[in-house]
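Below: one structure, written as structure tokens.
The values are calculated or read from the model by the stated rules, or taken from the named source; none is laboratory data. Since we're looking at a predicted model, the values are computed, not measured. In this analysis, Cβ positions are derived from the backbone assuming ideal geometry, glycine residues included, and neighbour counts consider all displayed protein chains.
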Amino acid sequence: MQGAAGGRAVLVSLTEAGLPAIPIPFPHIRFAEATAPIKMPRTLDEEGRRGRFEAAVLPHLDAAYNLARWLTRHDDDAEDVVQTACLRALRFFDGFQGGNPRGWLLTIVRNTFYSWVSRRGEHELVTPFDEEIHSAEVPGGDPEAELLRNADAELLRQGFAALPVPFREVMVLREIEGLSYKEIAAIAGIPIGTVMSRLARARRHLQDFLIAGGAVAGSRQ
């Protein structure tokens, strides 16, 4: 199912927070549409190793760019993060034991993003994340949840981008990339319970943002 601007509609599992499931058109950006293909360094001499690396990593460049784009909220920065992450993946590829190459690559992308943030010192993460301060209450249900069904797609994406990074990253991994709680916990380095809590609170933040903005189709004149 396609959403606005070529994105795909993603079924946000609001039922986990006591709310109805609602299709949300989050854009899933293809890496190839945003930047040129990554060139393998000349130091990668062994053709067999090159083939294994490409087979493990290249199929997941879209997911890597999508995560980086939502975290940085900027095309060029996302490209830089993914390029750096892929070079790191290449450097440490011999240590990859197989299993889940997408999770392995996304972990490197996430860690690369946080390293990028610490070098710049100009990002929202300069302010420490506090689970309580940044969290809204998560009730068992909400009669206004129906408003989200007709939410304006652009405001919906704005609300998603406005989430604190720890909330935004778990939403990307769960609702756009479709990863399990266990996979997200491994990538983010947090307990599964924290993943579930952040997802529920992120959905509440998103809903509150849309309701406050009157993001309902047909509400604008």
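Can you confirm whether the range 152-159 contains a residue that is under 16 Å from residue 78 (Cβ atoms), modelled with pLDDT under 95 and surrounded by fewer than 22 Cβ atoms within 10 Å (Cβ to Cβ)?
Looking for residues that are under 16 Å from residue 78 (Cβ atoms), modelled with pLDDT under 95 and surrounded by fewer than 22 Cβ atoms within 10 Å (Cβ to Cβ), one finds at least one in the range 152-159, hence yes.
Kindly list the number of the only condition in (1) modelled with pLDDT of 80 or more; (2) among the small types (Gly, Ala, Ser); (3) assigned to a helix (DSSP H, G or I) that fails for residue 145.
Result: residue 145 fails condition (1) only.
Checking the structure you have, find out if any residue of the range 113-122 is of a type in the set (Phe, Trp, Tyr) and modelled with pLDDT under 80.
no
Determine the pairs where a residue that is surrounded by 14 or more Cβ atoms within 10 Å (Cβ to Cβ) and modelled with pLDDT under 95, located within the range 73-101, has a partner that is in a loop (DSSP other than H, G, I, E, B) and β-branched (Val, Ile, Thr) with Cβ atoms under 6 Å apart, the partner being 6 or more residues away or on another chain.
Final answer for the pair search is 79/35; 86/38.
Consider residue 181 against the criteria (1) exposed (fewer than 14 other Cβ atoms within 10 Å of the Cβ); (2) at pLDDT 50 or above: it satisfies all of them except one. Which criterion is unmet?
Exception for residue 181: condition (1).
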